[in-house]
Amino acid sequence: ADIELAKKSTLEKILKNGELRVGFEAGYMPFEMTDKKGRFVGFDIDCAKEMAKAMGVKFVPVNTAWDGIIPALLTDKFDIIMSGMTCTQERNLKVNFAEPYVVVGQTILLHKKHAGKVKSYKDLNDPKFIVTSKLGTTGEMAVKRLIPKCTYKSFETEPEAALEVVNGKADAFIYDLPYCAVFHGQQGAGKLIFLDEPFTFEPIAWAIRRGDPDFINWLNNFLRQLKNDGRFDRFYQKWFESTAWLKNVQ
Amino acid sequence: MYVSSGLEPRRTRKYYLTWGSFFFALVFILVGLLYYSTQMVDYSWRWYRVPQYFFFQEEVEVRAEVQGEVLSVKDQKKKALVTVGGEGEKETYTVPLSGLWVEQGDFINMGDVLASHKEWQVGILLQGLWLTLKVSLVAIIFGTILGLFTGLARISQNPTLRWGAVTYIEIVRGSPLLVQIFIWYFVFGTLINSLLNRYGMPSIPPLWFGVAALSFFAGAYVAEIVRAGIQSVHTGQNEAARSLGMSASQAMRHVILPQAFRRILPPLAGQFISLIKDSSLLGIIAIRELTKATREVVTTSLQPFELWFVCALLYLVLTFTFSMLVQYLERRTVMS
Amino acid sequence: MYVSSGLEPRRTRKYYLTWGSFFFALVFILVGLLYYSTQMVDYSWRWYRVPQYFFFQEEVEVRAEVQGEVLSVKDQKKKALVTVGGEGEKETYTVPLSGLWVEQGDFINMGDVLASHKEWQVGILLQGLWLTLKVSLVAIIFGTILGLFTGLARISQNPTLRWGAVTYIEIVRGSPLLVQIFIWYFVFGTLINSLLNRYGMPSIPPLWFGVAALSFFAGAYVAEIVRAGIQSVHTGQNEAARSLGMSASQAMRHVILPQAFRRILPPLAGQFISLIKDSSLLGIIAIRELTKATREVVTTSLQPFELWFVCALLYLVLTFTFSMLVQYLERRTVMS
Amino acid sequence: MIQVRSVSKTFHLPHEVKALVDVSCRVGAAEVVVIIGPSGSGKSTLLRCLNRLEYADVGNILIDGVDILDERTDINQVRTEVGMVFQSFNLFPHKSVEDNLILAQRVVRKRSKADCMKKAHMLLEKVGIKDKARVFPAQLSGGQQQRVAIARALAMDPKVMLFDEPTSALDPEMVGEVLDVMKALAKDGMTMVVVSHEMGFAREVADRVIFMDQGAIVEEGAPNRIFDRAQNPRTQSFLSQIL
Amino acid sequence: MIQVRSVSKTFHLPHEVKALVDVSCRVGAAEVVVIIGPSGSGKSTLLRCLNRLEYADVGNILIDGVDILDERTDINQVRTEVGMVFQSFNLFPHKSVEDNLILAQRVVRKRSKADCMKKAHMLLEKVGIKDKARVFPAQLSGGQQQRVAIARALAMDPKVMLFDEPTSALDPEMVGEVLDVMKALAKDGMTMVVVSHEMGFAREVADRVIFMDQGAIVEEGAPNRIFDRAQNPRTQSFLSQIL
Ligand SMILES: Nc1ncnc2c1ncn2[C@@H]1O[C@H](COP(=O)(O)OP(=O)(O)OP(=O)(O)O)[C@@H](O)[C@H]1O
Ligand SMILES: Nc1ncnc2c1ncn2[C@@H]1O[C@H](COP(=O)(O)OP(=O)(O)OP(=O)(O)O)[C@@H](O)[C@H]1O
Ligand SMILES: [Mg+2]
Ligand SMILES: [Mg+2]
């Protein structure tokens, strides 16, 4: 065993500093967001708090901009990304992922004027359609890969992109299922059509810097524990199957 | 103002009244137009949701830390003393009378709520505002110190000092603050923290790199202010001091700087106002000042119109307050 | 500069040489220190990766659009004429000779590559730079027009115009550009586009709201420049013009403005430089100017150090070039 | 030609100054009036009131029968009839001498380019600087500049000319050339009001001299009477100082 | 006391001016020398060279035997020995009269606060404005300010005093009070170099008068000889103008 490698593990640093710095971008409901009181809440935040508890250290949230989140991880602005990040092969070349904990896919929020005319992402593949998504996300990648001919506009945050469709400035918003579901529930009534059949396969996982097998090992075992002792399901129910949390957010 | 009495037609009181009220009418119409067009696009204004981002009431619950029975509830004016006991343990809690949840004799599990009361908490926008102010203040302090020395170096005869100062000033004033913030955060921040970690020292939180970026930015502008201030002191003052036998630095310290100081103060305060505005960029590197706080709230509340107007208003209030101060300082400078 | 001959010790040539070279030594040491500390934290510099963001070679492939066989390959100096045919179809492609992939008689499927050649393309950073310049230029043009009228309104006797101008100037100068950009984008942008859509008109792309924010921002500053320029023209000029029977607006147009113009030009150019730097904020609303382009490249290339330094350098080159221009303009103004 | 009736004028800023106190006078057609008086006595203010560069607070001012203080008067029309020459020339520095003379003709009088040109060259010849037509004001001496300024005012064919100390900003050797132009003008029958301390000019050309002090007209009369036999002690003491 | 040997000085900016051309002179202990000459003749430049407010380009200047142009000389030390009084007073406006006198004593001479105080009050009494100790310069008349400036220079116990037109920025009624202080100083045996056009003062107090023109010393001698029997035509014509 390479004891030097173990010593250099992020785990060691977390324990030494007594804090677990978690990077995410608030706004990706229901994974992470800011509530009315200015506190960070969401599925990932609950998991992160459990993780910090399991390590016996303090939980420190770092709310950062999405398109800088991987550079920020690599430049050690935080120890782990827990931000509903899809484990893509491209990202995986730059960072390591723990085992996926949720699988989502891209879905479509469509402006109601296209009801019935657009049935799947394939129908959007035409320059006359303005499709929005968020910068640097798998939504964007999916658009570029699968709907290359549409007019694509990227935005800094999810609501900006989605509101563009609500306001009629764009025709469709492509994004992960959970967010689209939440947004459709809140804002979409009468304005949007939700095509909720995912057309991509996107496992979501926590990301850390490369070359740290100890940390990966710890994370995978922590995840197994979380999933099997019922906490994971409780969180899942709280954030994905009920909407009670919405009232704390708005 | 550009007055030359006879050249403008003579205006009556009525003229001023008419066009003055017309101005207010115009403002009114513009606001009305804005409101009307939001109605057209089905935007529902929810101003009532805004105050909670300034202050909100939080339910604070007092929970039992032992298991047992409520032994007694003693009334003490607005407070109540609740004693819970069982199995040899006994604890007493002071709670507000109005929020009492239990009565004497109730059976209590560990963690049960005994009473609750509401407490006012500062909301996210106010916290952001406070951080904005704090960061600007710290940055202007460091910036002033840095600017003072750079300004002195700028007018020094020593080429190293002078060129060094010029290089610093030109680089900082020639590139966008945003890029400087990124460089501090991603380049210097990474380097410094990695080196610190290497030698087992705790790392510096990102807030401080933001403050460093702002301070260095302000420092370059303050340096020019300091230079102008010093050069505005009449040469005769320096000559008088030096001909009394003072050294260059003594003359600077005792004669030039105290006089330059008064002329520096108003533009320095102006720089502080700029800094308040510039600090809005810190949100980019995860510092939750006012603009970032607003963005976060907008993301979840989806009420962009109200919140952005409120945000702009808060900045206006800040800058307006401080520019009043600047004007006051300027009046005082002119007088003395 | 602050010179008073006899007060500074007399410096020899050697003194300047020594301290001058010391300055360069210092710069060298600082750069070395930076390099050394990046080595300490195991950062690997990859400067060779940077040029591709300015220019890169793209492989352009010529693909067959029919199925069949290569019927002939005709040599025409550096070009080759490839004829592919089969099943009644026949197509001829002109391709560069050096990049030929096929020979006569080869069997070709639809979509097979016949030949490829390399073409130079403009990289993302250069595109961003270009957009930065374009946006700044458009904004300064609109800003100047707006500022001209606001500046005139600011010194008008009419309360509506004057107060209107003051309100506009104070609001714009009192709040951060970032917040203004958000307001233009989220509030006005949403409103305007929704209204346009309602009446079946095409919506305005976000770039224009960014330009609008910048223009209105610049306009407020230009207004103050215009006002100062006009007020710097001696009153006698206006009196002379008016006493010849010119109306207020004729005097303004033919006598005051042409003279004010020369004094306005240098600060206006300075404002343009500010605008170049301020345009870096447009990235926030997904306009891919230089800063945004750099951010995107950093996200994918993960070479933040090189790229942020390059980005800063590009801005410095831009602002430095234009400030040379300003100095040239100022010299010309002083001379005339 | 000019009638001034009980005109008063007070400046309120920076502090209250009574510049004119109940001033009345008249200037007939083809008459040349010279105004003298100590500094701050209101000479310039009176002159500037005559073409409404300053508003008189009370009283009436009639130019050729038109009340210029009336709101309905087109003041720009009146100003074309009243030429004004300033102490500091106030030529337009961004225009050549020729263009200085042409500008107002084109803009105000709407004359054709050729007419303007002809007029300009005629006047430049009259004031004796025909050869400087294409030159810019900054390249002229003070005396030349002032002569251009006179020509510029004349280009509008005014009925009255006002001069506010036209020679006091000039080097002594240039005073003569400007006064010569003014004398020629007087001889041609122009109505003129001149603020000046050039006693020789006043004696030779003036029909009447007005002495002002503290915003009021103290004494007026033929030059000889004022200069040699002033009645008022204030006039006497002022003249004793400057003669 | 002061020896000036073949000193020359040329200013290069804004354009080349030969301010001093091969000037030599000496001032003995307790001697009072008055320098006169037309404007621009180099009087101020010579004076300012004496305490190195300007660098002489060539030549030697010895103060009390110390070559002040030598790199090794501690010029601040020399300057404490050479008091200087300027035309425009140059009092420190942010300090009271008392503090103006104390500052350099504390900072340069490192005297105790009490000593400084005593000295300051003694000197203020000497120049006749003891009651203004706590007042700020802006509240004083020109003559009072100049006397404070003299007292401030004296506070350093200089061996020589240089005066550069100390009375020419003063209203006429205040010239006397300043000259009286200077006369008293001369009587006490102070070595003094005075640039001044106050002929009365020169006649009464000066041991020697130096006439400069175009950067050179044209003539020097006892006041009576210079004023009444000047040899050089340039001196004669200058004196005829100002007397
Ligand atoms: N625009 C102004 N604002 C305020 N006060 C003024 C203004 N113009 C003139 N005054 C004051 O009015 C008084 C008369 O001024 P005026 O210029 O008419 O005097 P004058 O006789 O022309 O003197 P001078 O010979 O110095 O030109 C003076 O006390 C002057 O200070
Ligand atoms: N700092 C300077 N830079 C350039 N030229 C200077 C400077 N000081 C003085 N001169 C020039 O040197 C010449 C001598 O100046 P100086 O002040 O010694 O004359 P002065 O005899 O004192 O005249 P005045 O009676 O006007 O004070 C003048 O032509 C002046 O323009
Ligand atoms: Mg006048
Ligand atoms: Mg002098």
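With the requirement that a residue be open to solvent by 40 Å² or more (accessible area, probe 1.4 Å) and at the interface with another protein chain (Cβ under 10 Å from one of its Cβ atoms), what does region C:167-179 give you?
Going through region C:167-179, the residues open to solvent by 40 Å² or more (accessible area, probe 1.4 Å) turn out to be C:167-168, C:170-171, C:173.
The answer is C:167, C:170, C:171, C:173.
Assessment of region B:4-20 against the conditions (out of contact with any Asp or Glu (no Cβ under 7 Å at 6 or more places or on another chain) and in contact (Cβ under 8 Å) with a residue 24 or more places away in the chain) yields no matching residue.
Are any residues in region E:24-50 polar (S, T, N, Q) and touching a residue at least 12 places away in the same chain (Cβ under 8 Å), and if so, which ones? Walk me through it before giving the result.
First, the residues of region E:24-50 that are polar (S, T, N, Q): E:24, E:39, E:41, E:44-45.
Result: E:24, E:41, E:44, E:45.
For region E:55-94, a residue qualifies if it is open to solvent by 50 Å² or more (accessible area, probe 1.4 Å) and either within 30 Å of residue E:175 (Cα to Cα) or within 10 Å of chain B (Cβ to nearest Cβ) (or both), and the qualifying residues are E:74, E:77, E:87, E:88, E:93. Has region B:264-281 got at least one residue that is facing another protein chain (nearest Cβ under 7 Å), out of contact with any helix residue (DSSP H, G or I) (no Cβ under 6 Å at 6 or more places or on another chain) and open to solvent by less than 30 Å² (accessible area, probe 1.4 Å)? Yes, region B:264-281 contains at least one residue that is facing another protein chain (nearest Cβ under 7 Å), out of contact with any helix residue (DSSP H, G or I) (no Cβ under 6 Å at 6 or more places or on another chain) and open to solvent by less than 30 Å² (accessible area, probe 1.4 Å).
Among the residues in region C:285-308, are any β-branched (Val, Ile, Thr), open to solvent by 20 Å² or more (accessible area, probe 1.4 Å) and closer than 30 Å to residue C:36 by Cα? Yes: region C:285-308 contains one or more residues that are β-branched (Val, Ile, Thr), open to solvent by 20 Å² or more (accessible area, probe 1.4 Å) and closer than 30 Å to residue C:36 by Cα.
Evaluate region D:45-66: report whether one residue or more is within 9 Å of ligand 1 (Cβ to nearest atom), within 20 Å of residue D:238 (Cα to Cα) and in contact with a strand residue (DSSP E or B) (Cβ under 9 Å, 6 or more places away or on another chain). Yes, that holds for at least one residue.
Give region E:84-100 a look and list any residue that's more than 16 Å from ligand 2 (Cβ to nearest atom) and among the hydroxyl-bearing types (Ser, Thr, Tyr), or say none. Before you say what the answer is, go through the steps one by one.
Of the residues in region E:84-100, the ones more than 16 Å from ligand 2 (Cβ to nearest atom) are E:91-100.
Of everything in region E:84-100, just one residue is more than 16 Å from ligand 2 (Cβ to nearest atom) and among the hydroxyl-bearing types (Ser, Thr, Tyr), namely E:96.
Looking across region D:1-24 at every residue that is of a type in the set (A, V, I, L, M, F, W, C), open to solvent by 20 Å² or more (accessible area, probe 1.4 Å) and more than 14 Å from every other protein chain (Cβ to nearest Cβ), the one that is nearest to ligand 4 (Cβ to nearest atom) is identified as D:21. Being surrounded by fewer than 21 Cβ atoms within 10 Å (Cβ to Cβ) and either under 13 Å from the mean Cα position of the chain (by Cα) or within 14 Å of another protein chain (Cβ to nearest Cβ) (or both) is a property that residue D:159 has.
The conditions of being assigned to a helix (DSSP H, G or I) and within 18 Å of residue C:282 (Cβ to Cβ) are met by residue C:128.
Residue check: is residue B:74 over 35 Å from the mean Cα position of the chain (by Cα), of a type in the set (Lys, Arg) and in a helix (DSSP H, G or I)? Quick ask: steps written out before the conclusion?
On the way: over 35 Å from the mean Cα position of the chain (by Cα): yes; of a type in the set (Lys, Arg): yes; in a helix (DSSP H, G or I): no.
No: the conditions fail for residue B:74.
A count restricted to region D:162-186 and to residues that are away from ligand 1 (no atom under 16 Å from the Cβ) and buried (at least 18 other Cβ atoms within 10 Å of the Cβ) stands at 9. Selection of strands (runs of 3 or more DSSP E) fully inside region A:171-250 by the criterion of at least 3 residues being within 15 Å of the chain's Cα centre (by Cα) and in contact (Cβ under 8 Å) with a residue 12 or more places away in the chain returns A:172-176, A:202-204. The residue that is nearest to ligand 2 (Cβ to nearest atom), counting only those in region D:33-53 that are buried (at least 24 other Cβ atoms within 10 Å of the Cβ) and part of a strand (DSSP E or B), is D:36.
Picking from D:21, D:85, D:66, D:97, which residue would you name as being within 18 Å of residue D:218 (Cβ to Cβ) and either in contact (Cβ under 8 Å) with a residue 60 or more places away in the chain or more than 16 Å from ligand 3 (Cβ to nearest atom) (or both)? Give the steps one after another, and end with the answer.
On the way: D:85 fails: within 18 Å of residue D:218 (Cβ to Cβ); D:66 fails: within 18 Å of residue D:218 (Cβ to Cβ); D:97 fails: within 18 Å of residue D:218 (Cβ to Cβ).
Going through D:21, D:85, D:66, D:97 in turn, the sole match is D:21.
Within the option set B:31, B:41, B:50, B:27, being away from chain C (no Cβ under 14 Å) and of a type in the set (Val, Ile, Thr) holds for one residue only, B:50. Give the residue that is least open to solvent (accessible area, probe 1.4 Å), with candidates limited to residues of region C:6-61 that are among the hydrophobic types (A, V, I, L, M, F, W, C) and outside any helix (DSSP H, G or I). The extreme case among them is C:50. Flag: residue E:24 does not match the condition of being of a type in the set (Ser, Thr, Tyr) and either under 30 Å from residue B:262 (Cβ atoms) or within 14 Å of ligand 2 (Cβ to nearest atom) (or both). Each residue in region A:165-178 was checked for being open to solvent by less than 10 Å² (accessible area, probe 1.4 Å) and either of a type in the set (Val, Ile, Thr) or facing chain C (nearest Cβ under 10 Å) (or both), and 3 of them qualify.
Within region C:193-249, being without any contact (Cβ under 8 Å) to a residue 60 or more places away in the chain, closer than 30 Å to residue C:275 by Cβ, more than 14 Å from chain D (Cβ to nearest Cβ) and open to solvent by 50 Å² or more (accessible area, probe 1.4 Å) holds for C:201, C:202, C:204, C:205, C:208, C:228.
Identify the residue in region C:112-139 that is within 15 Å of residue C:61 (Cα to Cα) and open to solvent by less than 30 Å² (accessible area, probe 1.4 Å) and, among all such residues, is nearest to the chain's Cα centre (by Cα).
Step one: filter region C:112-139 for residues within 15 Å of residue C:61 (Cα to Cα), giving C:112-121.
Subset that is open to solvent by less than 30 Å² (accessible area, probe 1.4 Å): C:113-116.
On the way: C:113: 39, C:114: 40, C:115: 37, C:116: 34 Å.
My answer is C:116.
Just one of the numbered conditions (1) under 30 Å from residue E:111 (Cα atoms); (2) under 17 Å from the mean Cα position of the chain (by Cα) is not true of residue E:133: (2). Taking every residue in region B:306-325 that is in the same structural domain as residue B:128 (by TED's automatic domain parsing) and free of Cβ contacts under 8 Å to residues at least 40 places away in the same chain and pairing it with any residue that is open to solvent by less than 20 Å² (accessible area, probe 1.4 Å) and among the hydroxyl-bearing types (Ser, Thr, Tyr), at least 6 positions away or on another chain, the pairs with Cβ-Cβ distances below 7 Å are B:308/B:294; B:312/C:175; B:315/C:175; B:316/C:175. If you check B:290, B:268, B:257, B:281 for being touching a residue at least 24 places away in the same chain (Cβ under 8 Å) and more than 17 Å from the chain's Cα centre (by Cα), only one passes: B:257. Just so you know, in region A:89-104 the residues that are out of contact with any Lys or Arg (no Cβ under 7 Å at 6 or more places or on another chain) and within 21 Å of residue A:47 (Cα to Cα) include one that is most open to solvent (accessible area, probe 1.4 Å), and it is A:99.
Do we find a residue being under 30 Å from residue B:130 (Cβ atoms) and modelled with pLDDT of 85 or more anywhere in region B:31-38? Spell out how you get there, then give the answer.
Of region B:31-38, the ones under 30 Å from residue B:130 (Cβ atoms) are B:31, B:34.
So of that shortlist, the ones also modelled with pLDDT of 85 or more come out as B:31, B:34.
For region B:31-38, residues under 30 Å from residue B:130 (Cβ atoms) and modelled with pLDDT of 85 or more: present.
The values are calculated or read from the model by the stated rules, or taken from the named source; none is laboratory data. Not measured: the values here are computed from a predicted model. Cβ: placed from backbone, ideal geometry, glycine included. Neighbour counts: every protein chain shown. Each accessible area value is taken on the protein alone, full model and side chains, heavy atoms only, with ligands, DNA and RNA left out. Shrake-Rupley method; radii C 1.70, N 1.55, O 1.52, S 1.80 Å.
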